[in-house]
Structure formats: structure tokens, C-alpha cells
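Engineer: Have a look at this one.
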Amino acid sequence: MSHGFCSLIFGRLDVESLDFLKAFFHPGLNDIILSGAAWVVIVGAAVTAALLTWFRLWGPMWSKWLISVDHKRIGVMYIVLALIMLVRGALEGVVMRAQQADGLHGGFLSADHFAQLFSTHGTIMIFFMAMPFLTGLINIVVPLQIGARDVSFPMLNSLSLGLTVSGAMLVMISLVIGDFSTGGWSAYPPYTEPNFQPGVGPDYWIWAVTLAGLGSTLTGINFVVTIFKERAPGMSFLRMPIFTWNALCTSLLLVFAMPPLTVAALMLAADRYLGFHFFTNALGGNMMNYANLFWQFGHPEVYILVLPSFGIYGEVISTYSGKRLYGYVTLVIATMAIGFLSFGVWLHHFFTMGQDADVNAVFGIATMLIGIPTGVKVYDWMATMFRGRIRFSVPMVYALAFMVLFVLGGLTGILLANPPVDFQVHNTLFLVAHFHNMLIPGTLFGLFAGYTYWFPKVFGFRLNDRWGYIAAFNWIVGFVLSFMPLYAVGLMGLTRRAVSYTNPAFEPWLHVAGVGAIFITAALVSMCVQLYVSIRDRELTRDIGGDPWDARTLEWATPSPVPAYNFPVIPHIHALEAFAVAKGAGLGYQEPVSYSDIHLPGDTYIGVITAVFGTALGVGLVWYMWWLAWLAFAVIAVSLIARAVLGDRHPVTIPAAEIKRKYRAWLEVVRATAPVTRALEWDYRNHGVAAAEYTKEAAE
Amino acid sequence: MNIVVRPHGLTWVAGHDHDHDRIATTLSGFWLFMMSDLIIFGLMFATYVTMLTPESFAGGPTPKELFELPGAAMETAALLTSTFTFGMASLAIKYDRGLSKVMLWLLVTLALGVVFLALEAREFTYMLAEGAVPQRSGFLSAFFGLVPLHGTHVTAGVIWLVIMLIELNRTGLTGPASSRIARLALFWHFLDLIWVGIFSVVYLGGIA
Ligand code: HEM
Ligand SMILES: [Cu+2]
């Protein structure tokens, strides 16, 4: 009886599944690493909670952040999540590099542990690092760039964040309780079917990805509507900054590419939970359906990841070259073309799975076509720099590294788009080298550039340059050392996802890659130090004027940090790069003729409720604690319905007089602040007011 | 002095602060949501079609053996009529025919929706009793992935209708309520369209 009762409450959870105890039962290096990681999560959570209590920060965190619907704060929360997950994901990459460096005839990890590492690493990097990071930047920047008060659906925005957080929580919990999937980030059946992997691993993957995927779909909807409907008067489509264009394309991809993933994951769940036969070997299942569904999401996904960074590079290159973006219209067309084409190439992810050679040829050619708009972009960026007054700021360093490395990765991509070549290097480390070559310079560096570039806008002070350069240097060197050797060992035939190998010829290359991993660790440390130093020195680097880089787009026309209502009155736009044009005419800081009251949406508990009960729902489903799953589902459903019926019960109105007073006070401070030239922008004298030095050329 | 009033870049003028149309914004968000839902259905249809092969029947029942036209026709009739009655409710709103007319048409719609669900449940019960369970074959998995997914959507629509009716009863046809009905109408007609697809592909296609 008591056993039955226990399993009613705890489902299939038992003491054996507690990872943090494993080291005490089987004290070997492998289990010590496993339990160690679990303890890092536990201690990390405990220390965070203790610090919040000690500094009495629970209250402010709750009222200013967790229940806020301010798009900038939601954006920051996304990025905090992304950075935490980045640390975990990157360190897992480092551990895998160490394992392979040591992996001739063995290494220190068990095969199963290694398999969990590449599965969580891939899943985290894609869904819980890159996606939240770019969603965060889009959240912060897009409404400001189009002159909007807010996003179209602020409550939905908080809901999306809650869903993303609950997915991430599930992946974190899998480190402490039970195993994660060993089926890779793509979770291919039939290997993820119960007869091959009976445990909880694939279930963690399924629910983490489903929750986060729903959040992303909703984010996509929110930003498509925001960009269509909330633009300031005069902000026509062809006056939208390039980052916003890329965000629009990414949002459209989210709306149309996330559903296939949701469908694939839920079908896999039906197979696992209910004994369906969508993808099984027996009784008429068809695994190829999964491959098709997954990559109909998976290929557009890589453009979801890369387009926002393309947008960031566009802004960064034009700002730090002091020139307007060259070929703006072609860039817009190229962006949309990439988005469109990305839906037509998914099959190149399984050239080797036995379809007709003609089908392969069609998809191979379609794949190569994407190189054209991408090439257009690279030329436009180069032409923007041509004859510019380039400053080698930290974001610019990332942009330049990107341009060199990304082209290289693109070339190896063209190689892979060739089915005969793909047959040779398929599933080797050549492929791993290729996609990291696209993802690290293409996505990650762009996100870092954006992080550095917009940081003062959000927090009101600049990031430390010196540590920024050190971090960038470590990232670039670390990437090159870690991944270039993989092209070589891939061509020599080392397959991906291999825990060890027997050919001694691989070893020197993997040692070099291991050294690269040390640089990557140093990069992570430098970024932490940078944040610490920047916060410590924040009084010296205050961004009072809100325009520390003499930038061109509308977000820089606001004070830093931006007030909740973004703009004192909604600006009217009369030109592309309106702010640069206004500055050129000496009209960068104008006083509005009159003010009116501003209405803002009120706080909401929906985000917190979904984060907490979404996690509970996932845990319930993973561990077969049905009561918990039903309870959590009911709580979420009831609160959503209640919110829909009751509406926003605490909207905020800010009186015109108050806005006027604040804005005037700011204008006065700005006028009293000494402007700096671009040459001094890294200096302590830079307080965010750009000198009129180059205004003429800006106006052109 | 000759002042050229040419606006430079941007101008700050109060008063244009978001008098824009909230209802239209919400509606377009809902359209997008339905487009992504449509993709889900499209993929389920595609999966179903690829599973219409002897390998996927896996020796189990085939569509020809399973489906009967009369049952499916009755379900179709109920759902199509409910779309018509919803249309009548929308017209009643448009031409100000009064709250009670609107609620009456919505009530009829609700009843037809429930009838549809009941008929569908009956069909599934028969199938399950005959051993045509989703665990039997890939084909049946695909069937039970597609058709009940539509049924779940109809259930959600029915719940939404109930909430809508309660709200109408409380507040009348205020701004938010009528915009919500517009979205529900869209959703309901959308489900009808999907059903036409299911009827043609699954039932007619299966029997033919
Ligand atoms: C930060 C430094 C990084 C390191 C050291 C690293 C290292 C690795 C290693 C060793 C593997 C396993 C290769 C194998 O299977 O043999 C891997 C796989 C993978 N990585 Fe990374 N990586 C890093 C960053 C990233 C980033 C930024 C992303 C994506 C945005 C990413 C996405 C992936 C994916 C999707 C896989 C495939 C997982 C699978 O096989 O299912 N990685 N990485
Ligand atoms: Cu692809």
C-alpha cells in the first residue's frame, strides 16, 4: 500500500534518481563530475536566494522586475537567463573538448555522460542561450527603434518569458534529478523512443522544448504585430532601422517555424506516453516524418538565430564607421529573401538518409542559393566601412571577426550543400566545425556586440572597454583554436558525438582544440570581470545624454536608462535615420511643443505564474506525477482565463506635468554636459552627449 | 527673415499618442496565431497522408474498413450549421438587433458544437471498441493525432462560448466583448474550414 501511495505522489521519482547523491554511491571521476554539477546548481540557487535575502532584494526584484510588463525589463530578464545558460552551455562544451583531448582509448567520462553533455549543450545553446538572448535584445530595442510606447501585447510578452523560463528550469532540474536525453539536440527517434531510452531523459527534452517553443511562437506573434502596428507616425517600412527589419523577419520565422517543432515534439510525446506509432520501428511508424518535421523547424531556426545578429552588425558597423548604412534597400531585400528561402532547404539535413538523388540535387541547389543574399549583405557591410572613420570599439571588433570567420564558415557550408561531399563528411566533426563556425561568429558574437552596444541605453552606464577587448580576444582566439582543428579531424574521419577514438593521428588536433577551450573559459571569466568592473566604476561612465556612440537610430534619442514610457511624446519621423538627420541639423535634443498624459499597462502576475507552474507542469509530466501536472495546468489555465475576462485592472496613467518636468530636467542636464568627440568616446569624459563635430556628414 | 519650416529628421508633437485601434491590433495578433495553428493542422494532414500506406496500416484496419459516411455526414452537418448560426449572431451584432437575439444565436451555436462533439465521441468509442486504437498502427496514430486535435479545438471553442455568454449576460455588448466575439467567430469559422479538410481527406478520401 505504501509503495502505491508513494508512486501516486512521486510518480517514478526515487532516491536513485538524485544526481547529487551519486558521487557518494559510486565515487569515480565520472560520477563526481555529475554530482559536482548538480551541487553547483543547488549551491548556486541557495547562494542567490541568500544574497537576495541579505540585501533585502526580494521586494524590489518582485515589484520592479518579475511582475513588470515593461518591454525593456522583460528584455533584460531574457538576457540574464541567456547569460546564465551560456555559462552552463559553454562549460559543457569545454568539458567535452577536454574529454576528447584526453580521449585516445578512453578519457574520463562515461559514454552515457558524454551523450548527455552534447544533448544538453546543444539544447541549451540553441533554445535557452541564443533564443532568449536575441529575444531579449529584440524586446529592448525594437519598440524604441520604431518610436513605440510598448509592444502590442505586454501581458503576452510576460507570458512568453514565463514559458521560456520554465523550459530552462526543466533543463536545470535535469542536472539535479534524473538524466537528460542522450539523443542529441534534435532528439531523433527511434533512438528517443521508449524501447531505446526508457528513462526520463527524452521527456525532459520534450517538455523543455515544447514550453520554450510555445513562448517563442507567442513572442513572434507579438513582434510581428508590434512592428506592423506600433510604428510612430512617419516611420514607414523603408525608414525602419535595419535591426528592426531583421527582427521582423525573425519574428515571422518564429510564427511559421516553431509549429513544426511543437508538432514533432508532441508526436514524440504521444509515442512515449501513450504508445502511439508515429515514429517507432514497429507497427507502421515512420521515422522520416520526424526528420522532415524537425528540420522544417530546424533550418529556419538557424536564420532565427543569425538574422538578429546580422541586424546588430548592420547598426554597429554603420555607427562606428560614422556613415549611413550602404545599400539599405538591398539589405532589406536580402533579409526577406533569406527568410523566405530558409523554408525551402530543410532536406539538406538528411541528404544521406536514402531519398532520390534528384530530390537531393534540388535541395542542394536551393541551399546554395541562400549564399547570394548573404553575400549581398557582406558586401554592403564592407561598403559601409569603406571611407568611413572607423573606431575599433568592442562591438566593432566582434563585427570584424565575424565578417572574416563567417565567410569562411559559409564556404564550408557551400561544400556541405553538395550532396556528394556531404556523403563523405556527414556526421563527422567537419560538420560540428561548420555549424559552430556559423553559430559562434554569426550568432554569439553578434549578441555580444549588441550587449556591449546597447548596455548603456538600458543601464545608464557603459561597459568597461579594456575587459571587453580581453573578452573579445579570448572568444575569437578560443573559437579559432577550438574549431578550426575540427575541420581537419573531420576530414580525417572522426565522427561527431564520439566519446573516444583509437586513431592517434587525431590526438594533436584535439589537443589544440582543448587549448582553445581554455581560452573560451578565460573569455567567460573576462566577461564576468567586465561586468563587475563596469558596475564598480559606473559613476565614471554614466551615460547622461543617452547617445554615447554618436549613433543614428531613434533609441539613442532617449535618456539612458530609458523611462518606462520610452518617449515623452511619440516622435514624428521625417527621414531614414531620423535621429542622425536631426543631430546634423543641430536639433538632436528638442523640447516637445506640448505634452499629454501617458497610459501604461499595469503589472501582471501571469509571467511568474507561468514560470512557476509551467516548471511544475513539466516536472509532473516528466516524473509521471499526474496530480502535479493537472494541478499546474489548471492553475495556468484558470489564471489566463481570469486575466482575459478581467483585463488589466491596474493600468497606470502618468500625468503630462510630470513627464514635462522630468524631460525638461533631463534636457537641462544634457545641455550642461560637455559633448565629446568620437575619438574620445571610450574615455571617462564621455557622458553620452555627442559633439557636433561630424554633424554635417551625418546629415548627408 | 525667410524661415523654411522643413522638419529635420524628427519632430516631437503631442497628441498622437496611441489613439490607434486596439481592436484591429488584437485582431491581427489573433490572425497570426491562427496562421501558426493552420501550420500545425497542415503538418498533421501531411503526416496523415504519408501514413496511408500498407506499411503504416501494419496489418490493422484500413480507412475503407473503418469509416462510414453517415456518421461523418452528421458531424459535418452539425458543424456547418453552427457556422451559419454564428454568422447570424454576428449579423445581429452588426445590425443592432439587441442582446437577446445575439445570445440566442450564440446559444444555438453552442448547442450545435456540443452535438458535434457528442457525435465525434460516439464515433471514437465505436472505433476503440472495434480495436481500432491509436496504438494499433502508424496510420491509426496519425488519425488520432489529426481528428481529435480538431475536436480539442472545438472543445476550447465551446468553453470560450460559455465564458462569452456569461460575460455578455453580465456586461452586454461593450467594446471588449464585441471584439472578443469577432475573434471567436474567426476561430469558429476556421475550425469549420479545417473540418471540411478532414471530411474530404479523411472520410471521403478514405471511403473512395
Ligand atoms: C562556447 C563554446 C562552445 C564549445 C566549446 C562547444 C563545443 C561543442 C562540442 C564539443 C560539441 C560536441 C561535438 C560532438 O558531438 O562531437 C558541441 C555540439 C554542439 N554545439 Fe557547441 N560549443 C560551443 C558553443 C556553441 C554555441 C554558441 C552553440 C549554438 C548557438 C552551440 C551549438 C551546438 C550544437 C547544436 C551541438 C550539437 C549537439 C548535438 O550533437 O546534438 N555550441 N559543441
Ligand atoms: Cu539547414
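The values are calculated or read from the model by the stated rules, or taken from the named source; none is laboratory data. What you see is a predicted model; the values in this text were computed from it and never measured. FYI the Cβ positions are ideal-geometry reconstructions off the backbone, even for glycines, and counts take in every protein chain you see.
Engineer: Quick check on A:LEU439: is it modelled with pLDDT of 95 or more and within 16 Å of ligand 2 (Cβ to nearest atom)?
Structural biologist: yes
Engineer: If you don't mind, another one. Looking only at helices (runs of 4 or more DSSP H) that fall completely inside the range A:1-86, which ones have 2 or more residues that are surrounded by 15 or more Cβ atoms within 10 Å (Cβ to Cβ) and among the small types (Gly, Ala, Ser)?
Structural biologist: Because the criterion is at least 2 residues that are surrounded by 15 or more Cβ atoms within 10 Å (Cβ to Cβ) and among the small types (Gly, Ala, Ser), the helices (runs of 4 or more DSSP H) in the range A:1-86 that meet it are A:29-54.
Engineer: Select from the range A:100-123 the residues that are surrounded by fewer than 24 Cβ atoms within 10 Å (Cβ to Cβ) and within 15 Å of the chain's Cα centre (by Cα) and write down the one among them that is farthest from the other protein chains (Cβ to nearest Cβ).
Structural biologist: Here the answer is A:HIS121.
Engineer: Separate question: Is it true that A:MET131 is assigned to a helix (DSSP H, G or I) and near ligand 1 (Cβ under 10 Å from one of its atoms)?
Structural biologist: Answer is yes for this residue.
Engineer: Hey, another quick one. If you take the residues of the range A:232-246 that are under 16 Å from A:THR330 (Cα atoms) and of a type in the set (S, T, N, Q), which of them is nearest to the other protein chains (Cβ to nearest Cβ)?
Structural biologist: A:THR244
Engineer: Another question, then. Consider only pairs whose beta carbons are under 6 Å apart and that are at least six residues apart or on different chains; among these, list those whose first residue lies in the range A:331-342 and is closer than 18 Å to A:SER318 by Cα and whose second residue is of a type in the set (A, V, I, L, M) and away from ligand 1 (no atom under 16 Å from the Cβ).
Structural biologist: From residues that are closer than 18 Å to A:SER318 by Cα, the pairs are A:LEU331/A:ILE242; A:ALA334/A:VAL376.
Engineer: Quick one: how many residues across the range A:94-114 are assigned to a helix (DSSP H, G or I) and either among the basic types (Lys, Arg) or closer than 19 Å to A:ALA513 by Cα (or both)?
Structural biologist: The total comes to 9.
Engineer: Continuing with the same structure: Please report, ordered by residue number, the helices (runs of 4 or more DSSP H) entirely within the range A:419-517 with at least 2 residues that are within 16 Å of ligand 1 (Cβ to nearest atom) and in contact with a Leu (Cβ under 6 Å, 6 or more places away or on another chain).
Structural biologist: Hits in the range A:419-517: A:429-439, A:465-492.
Engineer: State which residue pairs qualify: first residue within 16 Å of ligand 2 (Cβ to nearest atom) and inside the range A:122-150, second residue of a type in the set (Ser, Thr, Tyr) in any location, beta carbons under 6 Å apart, and separation of 6 or more residues or different chains.
Structural biologist: From the range A:122-150, the pairs are A:ALA130/A:THR443.
Engineer: Taking B:GLU120 as the residue in question, decide whether it is in contact with a Pro (Cβ under 9 Å, 6 or more places away or on another chain) and closer than 30 Å to B:ILE207 by Cβ.
Structural biologist: Yes.
Engineer: Determine which member of the set A:ILE79, A:ILE124 is within 10 Å of ligand 1 (Cβ to nearest atom), at pLDDT 95 or above and among the aliphatic types (A, V, I, L, M).
Structural biologist: Exactly one of A:ILE79, A:ILE124 is within 10 Å of ligand 1 (Cβ to nearest atom), at pLDDT 95 or above and among the aliphatic types (A, V, I, L, M), namely A:ILE124.
Engineer: Here's another thing I want to ask about it. Does at least one position in the range A:324-345 carry a residue that is assigned to a helix (DSSP H, G or I), more than 16 Å from ligand 1 (Cβ to nearest atom) and within 14 Å of another protein chain (Cβ to nearest Cβ)?
Structural biologist: The answer is yes, given that some residue of the range A:324-345 is assigned to a helix (DSSP H, G or I), more than 16 Å from ligand 1 (Cβ to nearest atom) and within 14 Å of another protein chain (Cβ to nearest Cβ).
Engineer: Checking A:PHE310 against (1) away from ligand 1 (no atom under 16 Å from the Cβ); (2) assigned to a helix (DSSP H, G or I); (3) of a type outside the set (Val, Ile, Thr); (4) in contact with a Lys or Arg (Cβ under 9 Å, 6 or more places away or on another chain), only one condition comes out false. Which one?
Structural biologist: Just one mismatch for A:PHE310, condition (1).
Engineer: Could you figure out which of (1) at positive phi; (2) surrounded by 20 or more Cβ atoms within 10 Å (Cβ to Cβ) isn't true of A:LEU554?
Structural biologist: (1)
Engineer: Return the only residue of A:THR352, A:THR330, A:THR335 being away from ligand 2 (no atom under 13 Å from the Cβ), crowded, with 21+ Cβ neighbours inside 10 Å and among the polar types (S, T, N, Q). Give the derivation first.
Structural biologist: Details: A:THR352 fails: crowded, with 21+ Cβ neighbours inside 10 Å; A:THR330 fails: crowded, with 21+ Cβ neighbours inside 10 Å.
Going through A:THR352, A:THR330, A:THR335 in turn, the sole match is A:THR335.
The rows are residues; the columns are (1) in contact (Cβ under 8 Å) with a residue 12 or more places away in the chain; (2) within 12 Å of chain B (Cβ to nearest Cβ); (3) in contact with a Gly (Cβ under 8 Å, 6 or more places away or on another chain); (4) of a type outside the set (A, V, I, L, M, F, W, C).
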{"position": "A:GLY607", "(1), (2), (3), (4)": "yes, no, yes, yes"}
{"position": "A:LEU628", "(1), (2), (3), (4)": "yes, no, yes, no"}
{"position": "A:ALA634", "(1), (2), (3), (4)": "no, no, no, no"}
{"position": "A:ALA644", "(1), (2), (3), (4)": "no, yes, no, no"}
{"position": "A:ARG649", "(1), (2), (3), (4)": "yes, no, yes, yes"}
{"position": "A:VAL652", "(1), (2), (3), (4)": "yes, no, yes, no"}
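Engineer: Of the residues B:ALA111, B:ALA142, only one is at pLDDT 95 or above and more than 28 Å from B:SER178 (Cβ to Cβ); which?
Structural biologist: Within the list B:ALA111, B:ALA142, the selection yields B:ALA142.
Engineer: Residue under question is A:GLY602, and the condition is that it be within 8 Å of another protein chain (Cβ to nearest Cβ) and touching a residue at least 40 places away in the same chain (Cβ under 8 Å); does it hold?
Structural biologist: Numbers: within 8 Å of another protein chain (Cβ to nearest Cβ): no; touching a residue at least 40 places away in the same chain (Cβ under 8 Å): yes.
For A:GLY602, the condition - within 8 Å of another protein chain (Cβ to nearest Cβ) and touching a residue at least 40 places away in the same chain (Cβ under 8 Å) - is not met.
Engineer: Might you let me know whether the range A:289-303 holds any residue that is away from chain B (no Cβ under 14 Å), away from ligand 1 (no atom under 16 Å from the Cβ), part of a helix (DSSP H, G or I) and on the phi < 0 side of the Ramachandran plot?
Structural biologist: No: the range A:289-303 contains no residue that is away from chain B (no Cβ under 14 Å), away from ligand 1 (no atom under 16 Å from the Cβ), part of a helix (DSSP H, G or I) and on the phi < 0 side of the Ramachandran plot.
Engineer: Here is a follow-up. Within the range A:263-288, which residues are facing chain B (nearest Cβ under 7 Å) and closer than 23 Å to A:LEU341 by Cβ?
Structural biologist: A:VAL263
Engineer: Given the conditions (1) of a type outside the set (S, T, N, Q); (2) within 16 Å of ligand 2 (Cβ to nearest atom); (3) modelled with pLDDT under 95; (4) under 30 Å from A:THR192 (Cβ atoms), and given that A:LEU283 satisfies all but one, which numbered condition is not satisfied?
Structural biologist: Condition (2) is where A:LEU283 drops out.
Engineer: Conditions: (1) closer than 24 Å to A:PHE310 by Cβ; (2) within 15 Å of ligand 2 (Cβ to nearest atom); (3) among the hydrophobic types (A, V, I, L, M, F, W, C). A:ILE372 meets all but one. Number of the miss?
Structural biologist: (2)
Engineer: Now for a separate question. Assuming A:SER321 fulfils every condition listed in (1) within 29 Å of A:VAL477 (Cα to Cα); (2) within 16 Å of ligand 1 (Cβ to nearest atom) apart from one, which condition is it?
Structural biologist: Result: A:SER321 fails condition (2) only.
Engineer: If you don't mind, another one. Would you pick out the residues in the range A:578-633 that are out of contact with any strand residue (DSSP E or B) (no Cβ under 8 Å at 6 or more places or on another chain), under 27 Å from A:SER68 (Cβ atoms) and small (Gly, Ala, Ser)?
Structural biologist: Answer for the range A:578-633, where residues must be out of contact with any strand residue (DSSP E or B) (no Cβ under 8 Å at 6 or more places or on another chain), under 27 Å from A:SER68 (Cβ atoms) and small (Gly, Ala, Ser): A:SER596, A:GLY607, A:ALA611, A:GLY614, A:ALA616, A:GLY618, A:ALA632.
Engineer: Out of the residues in the range A:189-215 that are assigned to a loop (DSSP other than H, G, I, E, B) and of a type in the set (S, T, N, Q), which is farthest from A:VAL165 (Cα to Cα)? If you could, list the steps in order and put the result at the bottom.
Structural biologist: Filtering the range A:189-215 for residues assigned to a loop (DSSP other than H, G, I, E, B) gives A:189-200.
Filter once more, keeping what is of a type in the set (S, T, N, Q): A:192, A:195, A:197.
On the way: A:THR192: 24, A:ASN195: 30, A:GLN197: 26 Å.
Among residues in the range A:189-215 that are assigned to a loop (DSSP other than H, G, I, E, B) and of a type in the set (S, T, N, Q), the one farthest from A:VAL165 (Cα to Cα) is A:ASN195.
Engineer: Tell me, which residue of the range A:566-599 that is facing chain B (nearest Cβ under 7 Å) and among the hydroxyl-bearing types (Ser, Thr, Tyr) is farthest from A:ASN139 (Cα to Cα)?
Structural biologist: A:SER594
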